[in-house]
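Trainee: Attaching a single structure in structure tokens format; questions to follow.
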Amino acid sequence: MPIKVQPMTGVLAAEVTGIDLCDLSDVELGELRALICQHEVLIVRNQSLDPAQQSQFSARLGPFGEVPFIATMDEYPEVIRVVKEADEGASFNFGGVWHSDFSFQAEPPSFTILSAVDVPPWGGDTCFTSMSAAWAALNRAMQEKLHVLDAVHSARDAYSPKMQGVHSGMRGMEIVCDDSANEQQLHPLVTRHPETERTVLFFNRAYVRDIDGMTTDEAQSLMAFLHLHSTDAKFGYRHRWQAGDVVIWDNRSTQHFAMNDYGGFRRELRRTTIAGESPKR
Ligand code: SIN
């Protein structure tokens, strides 16, 4: 059966039908990879992958990325369970602020695969924004200014020891904060996507903590602008989960966050990340 592609917005995200992620030929896999890069977020419904199947499918996209701070499944050290129990408080949820996964690493993940196990009857959507569209919408003067800058990425406000109390409130996930989260990684603020060659604003709210060479005030003001600009609804797609869904995103050209609006209900997804390369200008 040929793969059918239905775009979900005029900017990013597409739903594909006519494929079984557990039974992809090499040709279909190549097609799927190109579609992920092109649409930035790909939705595949009715897959219901178990952890072994998710690992096997993920590994076909590339070697697994390193998973810091978050405990993985005992039998599957590449899989994390993203869980919020029904009776956990509303004050915190995993992935609840705009970010791209592990951008503080020297080689952040290329793709993330999230599969839905248990979804609330409403809420818990995952919101995405296209950082290639956000880049393209900037005026020329701003593009020229950003092109030469490096952003300072750090997990310090997410996973350093001062954040342990926040994570310890979660019962479904184990997160161990440590001082390595204070390390910093410089990445160009504007990158060239290694597969599509599109220009991307490589910025995210959670892990970009500074702009190299700027005063604190200049950096804060630029980061506030970049956050507001890049998360405008016109660059976005919001995924309403159904059990069995698999959503694959290009972590090099998107930001995402999970809504925390399903108090009293349980939510469980499984996540794998594929290793990427050092972002290049
Ligand atoms: C994540 O940030 O990777 C998790 C997103 C989600 O739970 O929807």
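Trainee: Check whether at least one residue in the stretch 43-56 is within 12 Å of the ligand (Cβ to nearest atom) and either modelled with pLDDT under 95 or basic (Lys, Arg) (or both), and report yes or no.
Mentor: Within the stretch 43-56, the first condition is being within 12 Å of the ligand (Cβ to nearest atom), and the residues that meet it are none.
No, there is no match, as no residue in the stretch 43-56 is within 12 Å of the ligand (Cβ to nearest atom) and either modelled with pLDDT under 95 or basic (Lys, Arg) (or both).
Trainee: When the residues of the stretch 124-141 are filtered to those that are of a type in the set (Gly, Ala, Ser) and surrounded by 18 or more Cβ atoms within 10 Å (Cβ to Cβ), which remaining residue is nearest to the ligand (Cβ to nearest atom)?
Mentor: Checked the stretch 124-141; the qualifying residue nearest to the ligand (Cβ to nearest atom) is GLY124.
Trainee: With a cut-off of at least 2 residues that are on the phi > 0 side of the Ramachandran plot, name the strands (runs of 3 or more DSSP E) lying wholly within the stretch 41-135.
Mentor: In the stretch 41-135, there are no strands (runs of 3 or more DSSP E) which contain 2 or more residues that are on the phi > 0 side of the Ramachandran plot.
Trainee: Would you check if LYS4 is under 26 Å from CYS127 (Cβ atoms), loosely packed, with under 13 Cβ neighbours inside 10 Å, touching a strand residue (DSSP E or B) at 6+ places or on another chain (Cβ under 8 Å) and modelled with pLDDT of 95 or more?
Mentor: Values: under 26 Å from CYS127 (Cβ atoms): yes; loosely packed, with under 13 Cβ neighbours inside 10 Å: yes; touching a strand residue (DSSP E or B) at 6+ places or on another chain (Cβ under 8 Å): yes; modelled with pLDDT of 95 or more: yes.
Yes.
Trainee: Looking at ASP125, is it of a type in the set (D, E, K, R) and over 16 Å from SER253 (Cα atoms)?
Mentor: yes
Trainee: Answer with yes or no whether GLU40 is within 16 Å of the ligand (Cβ to nearest atom), touching a residue at least 60 places away in the same chain (Cβ under 8 Å) and exposed (fewer than 14 other Cβ atoms within 10 Å of the Cβ).
Mentor: Working: within 16 Å of the ligand (Cβ to nearest atom): yes; touching a residue at least 60 places away in the same chain (Cβ under 8 Å): yes; exposed (fewer than 14 other Cβ atoms within 10 Å of the Cβ): no.
Taking the combined requirement at face value, the residue does not satisfy it.
Trainee: On to the next question. Between ASP74, ASP26, which is without any contact (Cβ under 8 Å) to a residue 24 or more places away in the chain and within 29 Å of GLU197 (Cβ to Cβ)?
Mentor: Among ASP74, ASP26, only ASP26 is without any contact (Cβ under 8 Å) to a residue 24 or more places away in the chain and within 29 Å of GLU197 (Cβ to Cβ).
Trainee: In addition: What number of residues within the stretch 253-269 are more than 30 Å from VAL190 (Cβ to Cβ) and surrounded by 23 or more Cβ atoms within 10 Å (Cβ to Cβ)?
Mentor: Here the count works out to 2.
Trainee: For the stretch 235-255, state whether one or more residues are within 16 Å of the ligand (Cβ to nearest atom) and over 26 Å from LEU21 (Cα atoms).
Mentor: Checked against the condition, which is being within 16 Å of the ligand (Cβ to nearest atom) and over 26 Å from LEU21 (Cα atoms), the stretch 235-255 yields no hits at all.
Trainee: Then there's this: Of all residues in the stretch 45-73, how many are within 24 Å of ARG240 (Cα to Cα), hydrophobic (A, V, I, L, M, F, W, C) and loosely packed, with under 15 Cβ neighbours inside 10 Å?
Mentor: Adding up the residues that qualify gives 0.
Trainee: Let me ask another. When you go through (1) more than 16 Å from the ligand (Cβ to nearest atom); (2) in contact with a strand residue (DSSP E or B) (Cβ under 9 Å, 6 or more places away or on another chain) one by one for SER221, which number turns out not to apply?
Mentor: So SER221 meets the others, but not (2).
The values are calculated or read from the model by the stated rules, or taken from the named source; none is laboratory data. Bear in mind the structure is a predicted one, so any value in this text is a computation, not a measurement. Note that each Cβ is placed from the backbone with ideal geometry, even for glycine, and that neighbours are counted across all protein chains shown.
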